[in-house]
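Asker: Below you will find the structure I want to go over with you.
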Amino acid sequence: MKGIVSGVGTILMIFPFSLIFPFIVGLLYKEDPISLLKAFILPGMLGLSLGSFLTAWAGRADKTSEDLRPVEALVIVAVTWVLIAVIGALPYMLSGTLTGFVDAFFESMSGFTTTGASVLNDIDSQSHSILFWRALTQWIGGLGVIVLMVAVFSILLGGPKAGLLLMKGEVPGHKNDRMVPRLKDTAKLLWGIYAILTALEIILLTAAGLNLYDAVCHTFTTLSTGGFGTHTESIAYYKDLPAAPLIELIFVVFMIFGSVNFVLHYNLLKGNWRAFLKDTEFKVYMFMLLTFWCIVAVNVAWNMKDQYTPAQAMWASVFNVTSMLSTTGYATEDFGNWPLLSQFIMLVAMLTGGMTGSTSGAIKTARLIIAYKAVGRSLRRIGRPKAKIPLRVGDVIFNERIVRSVGVFIFGYLAIFALGSFMMTLTGMDAVTSLSSIATTMGGVGPGLNMVGPALNFSNVTTVGKLLLCFFMWLGRLELVTALVLFFPSTYKM
């Protein structure tokens, strides 16, 4: 148990330094220094104090890499995420942006889980420092707070195996691809790729006409597939700019980048672009994207001729479908007014998500591929019950343990989705709003349908409903098992 407490404390001692950045932004925009100290430095000091207390109480962890059990690493991830969201909520409250703790916690949890659901009604009127903090929470949460700490844990908890256990708890996806032999170097490479893509998008957006502040904030929330913006109208705010189509195209490209396995980005940086063509999950993901684009475009163009030309319907489909399938959550249209088939496709996209090893949420493409292959194999076995048929995806053969775990995950995800939707109806929501609110929070998407659609937000959800949705954001971002293990203390208590 002391290893868990020490681990949580160590992260809480490092995380508060991120609050310095919005403080500096506020000073640059000549915001009141006293208010900035109260909003950002005070929460940082509280977080640092809490981390120091926990670390001192636990003492230096005497566990070796062999002693730290996988379940303990999962507990560190799950607990830390909640505590970071609590600390991250304080700037919203202390700045007066949001007066109630539940609303502030909702906004913070939505940021760190890269969900993008918001309770802020007038985003344009908020301070630069708060909106920067809001975007930064998504950039930090995108690849995972815990990955940033892998190198630290490799030292504190006795070597690379401890860090590997944390990576298994946090790196998005069920695969744990290691790009280099040493885990500490893998973590550095992941963040290096993240930083390169971040710099590239900032340069492109500023060149296309966005001011530097908007370019930075939107880059933070695009690559993380988070979706927070600096304007109430989201990306639709830029529609009147001369370069609006180019700006939207940049967003589409980087939403796809964020939802693609980062191992493929690493291969691309090494000059191995053929890795994309050989990757089965990438090919299936792009096929789904193209299919959804075409279905929605035809459906919208056919049924809404008075509002969309075929070209407009196609581009609206490309942008908004990409946003939903990548689980980013940007919107240029109120797709809640689209035909039912298009709304259904958007809901399916929310549940599907991007690739494993990416910053996107939801079920993920690889799991669906394995499930599809498993069903096909079961059908082939009907005529040959004793035949040993390997489950192959591309050049990879998956063992039965992985196949079973994927089946359990998908069943559990859909069961929790159904249960959560029912629970939301008890708070007074209609069925469509309830279904989409759970789909969008579990999948880390952002906007839903009806009462929580792109033209609205989550401010009118009841207090109980907001707390429930916070729970489902946390559950979905940590991919069910990492979060649920916390409720079975017998698995990690000595």
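Asker: Does Phe276 fit the bill of being at pLDDT below 95 and surrounded by fewer than 18 Cβ atoms within 10 Å (Cβ to Cβ)?
Answerer: Details: at pLDDT below 95: yes; surrounded by fewer than 18 Cβ atoms within 10 Å (Cβ to Cβ): yes.
Yes; evaluated as a whole, the condition is true for this residue.
Asker: Pick from Ile389, Ile345, Ile369: which is of a type outside the set (Gly, Ala, Ser) and either over 22 Å from the mean Cα position of the chain (by Cα) or in a loop (DSSP other than H, G, I, E, B) (or both)?
Answerer: Step by step, each of Ile389, Ile345, Ile369 is checked, and only Ile389 is of a type outside the set (Gly, Ala, Ser) and either over 22 Å from the mean Cα position of the chain (by Cα) or in a loop (DSSP other than H, G, I, E, B) (or both).
Asker: Let me ask another. Scan segment 234-255 and give yes if some residue there is within 16 Å of Gly353 (Cα to Cα), surrounded by 18 or more Cβ atoms within 10 Å (Cβ to Cβ) and among the β-branched types (Val, Ile, Thr), otherwise no.
Answerer: Yes; the residues of segment 234-255 include at least one that is within 16 Å of Gly353 (Cα to Cα), surrounded by 18 or more Cβ atoms within 10 Å (Cβ to Cβ) and among the β-branched types (Val, Ile, Thr).
Asker: Further question on the same structure: Tell me, please, whether a residue that is at pLDDT below 95 and on the phi > 0 side of the Ramachandran plot can be found in segment 57-64.
Answerer: Just the residues of segment 57-64 that are at pLDDT below 95, to begin with: 57-64.
Next, from what is left, pick out any that are on the phi > 0 side of the Ramachandran plot: 59.
Yes - at least one qualifying residue is present in segment 57-64.
Asker: Among the residues that make up segment 419-430, is at least one of them under 22 Å from Thr328 (Cα atoms) and touching a Phe, Trp or Tyr at 6+ places or on another chain (Cβ under 6 Å)? Full working, then the answer.
Answerer: We begin by selecting, within segment 419-430, every residue under 22 Å from Thr328 (Cα atoms); these are 420-421.
Within this subset, residues satisfying the condition of being touching a Phe, Trp or Tyr at 6+ places or on another chain (Cβ under 6 Å) are 420.
Yes, segment 419-430 contains a residue that is under 22 Å from Thr328 (Cα atoms) and touching a Phe, Trp or Tyr at 6+ places or on another chain (Cβ under 6 Å).
Asker: Scan Ser436, Ser490 and give me the residue that is loosely packed, with under 15 Cβ neighbours inside 10 Å and either in a helix (DSSP H, G or I) or modelled with pLDDT under 85 (or both). Full working, then the answer.
Answerer: On the way: Ser436 fails: loosely packed, with under 15 Cβ neighbours inside 10 Å.
The unique qualifying residue is Ser490.
Asker: A follow-up question, please. Working carefully through the options Met314, Met286, find the one that is assigned to a helix (DSSP H, G or I), without any contact (Cβ under 8 Å) to a residue 40 or more places away in the chain and over 27 Å from Thr433 (Cα atoms). Spell out how you get there, then give the answer.
Answerer: On the way: Met314 fails: over 27 Å from Thr433 (Cα atoms).
Just a single option satisfies the conditions, and that option is Met286.
Asker: Sticking with this one: Just checking, does segment 448-464 include any residue being assigned to a helix (DSSP H, G or I), among the hydroxyl-bearing types (Ser, Thr, Tyr), closer than 28 Å to Glu333 by Cβ and in contact with a Leu (Cβ under 9 Å, 6 or more places away or on another chain)? Talk me through it step by step, then tell me what you get.
Answerer: Taking segment 448-464 and keeping what is assigned to a helix (DSSP H, G or I), we get 450-452, 463-464.
Checking the rest, the ones that are also among the hydroxyl-bearing types (Ser, Thr, Tyr) come to 463.
Within this subset, residues satisfying the condition of being closer than 28 Å to Glu333 by Cβ are none.
Checking segment 448-464: not a single residue is assigned to a helix (DSSP H, G or I), among the hydroxyl-bearing types (Ser, Thr, Tyr), closer than 28 Å to Glu333 by Cβ and in contact with a Leu (Cβ under 9 Å, 6 or more places away or on another chain).
Asker: Turning to a different aspect of this structure: Give the residues of segment 71-84 that are modelled with pLDDT under 75 and closer than 24 Å to Ile140 by Cβ, sorted by residue number.
Answerer: Taking segment 71-84 as the starting set, the residues that turn out to be modelled with pLDDT under 75 are 71, 73.
Within segment 71-84, Ala73 is the sole residue that qualifies.
Asker: Name the single residue that is surrounded by the fewest Cβ atoms within 10 Å (Cβ to Cβ) among those in segment 291-311 being without any contact (Cβ under 8 Å) to a residue 12 or more places away in the chain and farther than 18 Å from Phe344 by Cβ.
Answerer: Result: Asp306.
Asker: Step by step: first the residues of segment 182-216, then only those that are of a type in the set (Gly, Ala, Ser) and touching a residue at least 12 places away in the same chain (Cβ under 8 Å), then the one that is surrounded by the most Cβ atoms within 10 Å (Cβ to Cβ). Which residue is that?
Answerer: Step one: filter segment 182-216 for residues of a type in the set (Gly, Ala, Ser), giving 187, 192, 195, 199, 207-209, 215.
Retained after the next criterion (residues that are touching a residue at least 12 places away in the same chain (Cβ under 8 Å)): 187, 208-209, 215.
Numbers: Ala187: 28, Ala208: 20, Gly209: 15, Ala215: 22.
Taking the candidates together, the pick is Ala187.
Asker: Would you be able to tell me the number of residues in segment 360-401 that are surrounded by 15 or more Cβ atoms within 10 Å (Cβ to Cβ) and touching a residue at least 40 places away in the same chain (Cβ under 8 Å)?
Answerer: Step one: of segment 360-401, the residues surrounded by 15 or more Cβ atoms within 10 Å (Cβ to Cβ) are 360-371, 373-374, 377, 391, 393, 398.
Filter again for touching a residue at least 40 places away in the same chain (Cβ under 8 Å), leaving 360-369, 393.
Number of matching residues: 11.
Asker: Looking only at segment 248-263, decide whether some residue is in contact with an Asp or Glu (Cβ under 6 Å, 6 or more places away or on another chain), at pLDDT below 95 and hydrophobic (A, V, I, L, M, F, W, C). Walk me through how you get there before you give the answer.
Answerer: Here is the first cut: in segment 248-263, the ones in contact with an Asp or Glu (Cβ under 6 Å, 6 or more places away or on another chain) are 254, 263.
Narrowing the set further to residues that are at pLDDT below 95 leaves 263.
Now narrow it down to the ones that are hydrophobic (A, V, I, L, M, F, W, C): 263.
Checking segment 248-263: at least one residue is in contact with an Asp or Glu (Cβ under 6 Å, 6 or more places away or on another chain), at pLDDT below 95 and hydrophobic (A, V, I, L, M, F, W, C).
Asker: Here is a further query. Would it be correct to say that Thr327 is hydroxyl-bearing (Ser, Thr, Tyr) and touching a residue at least 60 places away in the same chain (Cβ under 8 Å)? So that I can check it myself, show each step before the final result.
Answerer: Numbers: hydroxyl-bearing (Ser, Thr, Tyr): yes; touching a residue at least 60 places away in the same chain (Cβ under 8 Å): yes.
So Thr327 passes the test.
The values are calculated or read from the model by the stated rules, or taken from the named source; none is laboratory data. Keep in mind it's a predicted model, so treat the numbers as computed, not measured. Here the Cβ is made from the backbone with ideal geometry for all residues, glycine too, and neighbour counts use every protein chain on show.
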